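Asker: Let me give you the structure first, and then I'll get to my questions.
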Amino acid sequence: MKPFWHIHHEVLLEWSDDIQERIDFIQAEKPKHEVEIRLRLLKPVQGALPPKLVKAGDARDKAYDANAKARDAYDKARDAYVKAGDARDKAKAAYDKAWDAFGKDWDAYVKARAAFGKDWDALDKADAAYVKAGDAYVKARAAFGKDWDAFVKASVAYAKAGDAFVKAKAAFVKAKAAYNKAYDECLPQIEALHALECPDCPWNGTTIFPEPSQ
């Protein structure tokens with residue numbers, strides 16, 4: 001990250017690792033009558049900034065990157081959690097369906113067995129259907145158990161990622177506050193350097209577009 005003057009019209013000093021992106025945005029999106037002065041005043045800082053400010057800026061940027069990384073991990077864990085939940089629900093539905101089929105084929109088997117002396121073929125068919133339904137039930141139950149375990153693991157990972165994200169966000173907020181404090185404390189030095197590097201700049205302490213004097 002490098003320091004620049006007037007990346008935005010209401011901020012004296014900011015940092016960027018891709019200033020061309022901002023330049024392109026100004027050229028494409030800002031009012032035509034503002035483009036020239038925005039680009040003319042947007043320039044890299046040449047002199048040395050107060051070490052305290054630079055140190056606080058580095059800490060803030062590192063905290064920002066850590067926060068972004070934790071957020072990405074949290075989003076991925078959430079997606080995995082949702083996916084695992086869907087798989088669990090599908091497996092549960094298949095398990096319930098197999099259980100119902102198993103119960104129905106058991107009833108058919110019992111009826112066929114009761115009529116055993118009258119219909120041997122019916123008993124064989126009922127027995128085969130019952131065995132098949134039993135196998136399907138066992139498989140569905142195993143699949144449900146496996147997907148349930150995966151869901152539990154995804155839930156734990158999701159919770160951990162959430163905790164990590166909360167901590168990273170808190171660290172970033174703290175680092176940002178420390179930078180803002182250092183900025184305020186170093187403002188006289190910053191303004192003195194700005195006066196040397198940006199002579200005749202219309203910056204009035206709040207904007208590069210001050211209201212015309214009445």
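No lab work stands behind these numbers, since they all come straight from the coordinates. Source: prediction; values computed, not measured. All Cβ positions, glycine included, derive from the backbone under ideal geometry; neighbour counts span all protein chains shown.
Asker: Under 15 Å from the 7 Å Cα→Cβ point of L49, by amide nitrogen: which residues of the stretch 12-33?
Answerer: Those under the cut-off are 12-19.
Asker: Extension gain K76-E29, at 0.36 nm per residue separation less the Cα-Cα distance, in nm?
Answerer: 13.6 nm is the gain from fully extending K76 to E29.
Asker: A further question on this structure: Given H placed on each backbone N at 1.01 Å, which residues far from W5 in sequence or on other chains put an amide H within less than 5 Å of it?
Answerer: Residues meeting the amide H criterion: K43, V45.
Asker: For D96 and V152, what is the calculated FRET efficiency with R₀ set at 30 Å and r taken between the beta-carbons, to the nearest 0.05?
Answerer: Once rounded, the FRET efficiency stands at 0.95.
Asker: Under a crude label model (7 Å from the Cα following the beta-carbon direction), how far is Y64 from K181 in nanometres?
Answerer: 2.0
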